[in-house]
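**Student:** Okay, here's the structure, questions in a sec.
The values are calculated or read from the model by the stated rules, or taken from the named source; none is laboratory data. In this text the structure is predicted, and so the values were computed from the model without any measurement. Here the Cβ is made from the backbone with ideal geometry for all residues, glycine too, and neighbour counts use every protein chain on show. Note: areas computed on protein heavy atoms with side chains; ligands, DNA, RNA excluded. Shrake-Rupley method; radii C 1.70, N 1.55, O 1.52, S 1.80 Å.
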Amino acid sequence: PSQPFYPFIEWMVCRGYISGYGCGGPGEPCNESNDPYFRPGNLVTRGQLLKMVALAAGWALNPPPTPSFADVPPGQPFVTFTEAGAAQGVEQGAGP
């Protein structure tokens, strides 16, 4: 709670826009509730950003049968959100 971004992180968690990193990683012991960890000092990836934006905006999450980006193949954790961003025209790039 003393972290300056705490209220914003909490707001996004309560709405399901972010979920954090699972406990049990290096330096991240699990507590009784298995609470996730948040790393507000880390850089945000394209996929993480698009997840937050897509969920907050209520975009349709229907990836096309052919991926739009060579660096985001099917099965990648954020492919649905990356494809939603492409469908909305907020990102573009070279195709597969």
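**Student:** For region 22-77, what does the accessible surface come to per residue with a 1.4 Å probe? Please give it in Å².
**Tutor:** With the other protein chains kept in place, region 22-77 gives 68 Å² per residue.
**Student:** Could you check which residue among Ala70, Ala86, Ala54 shows the biggest mean-square fluctuation in a GNM of the chain with a 10 Å Cα cutoff?
**Tutor:** Maximum fluctuation in the GNM of the chain, among the listed residues, is at Ala70.
**Student:** Leaving out ligands, DNA and RNA but keeping every protein chain, what accessible area does Leu61 have, in Å² rounded to the nearest 10, with a 1.4 Å probe?
**Tutor:** Surface accessible to solvent at Leu61 totals approximately 60 Å².
**Student:** Residue separation times 0.36 nm, minus the C-alpha to C-alpha distance between Tyr21 and Gln92: what's the value?
**Tutor:** 22.8 nm
**Student:** Work out, step by step, the length gained on full extension between Asn31 and Phe8: first 0.36 nm times the residue separation, then minus their alpha carbon distance; give nm to one decimal.
**Tutor:** Full extension from Asn31 to Phe8 adds 6.1 nm.
**Student:** Quick check for me: using +1 on Lys/Arg Cβ and -1 on Asp/Glu Cβ, what's the dipole size of the chain about its Cα centre, in debye to the nearest 20?
**Tutor:** Value, rounded to 20: 180 debye.
**Student:** Which percent of the accessible heavy-atom area of the chain goes to carbon and sulfur, probe 1.4 angstrom?
**Tutor:** 59
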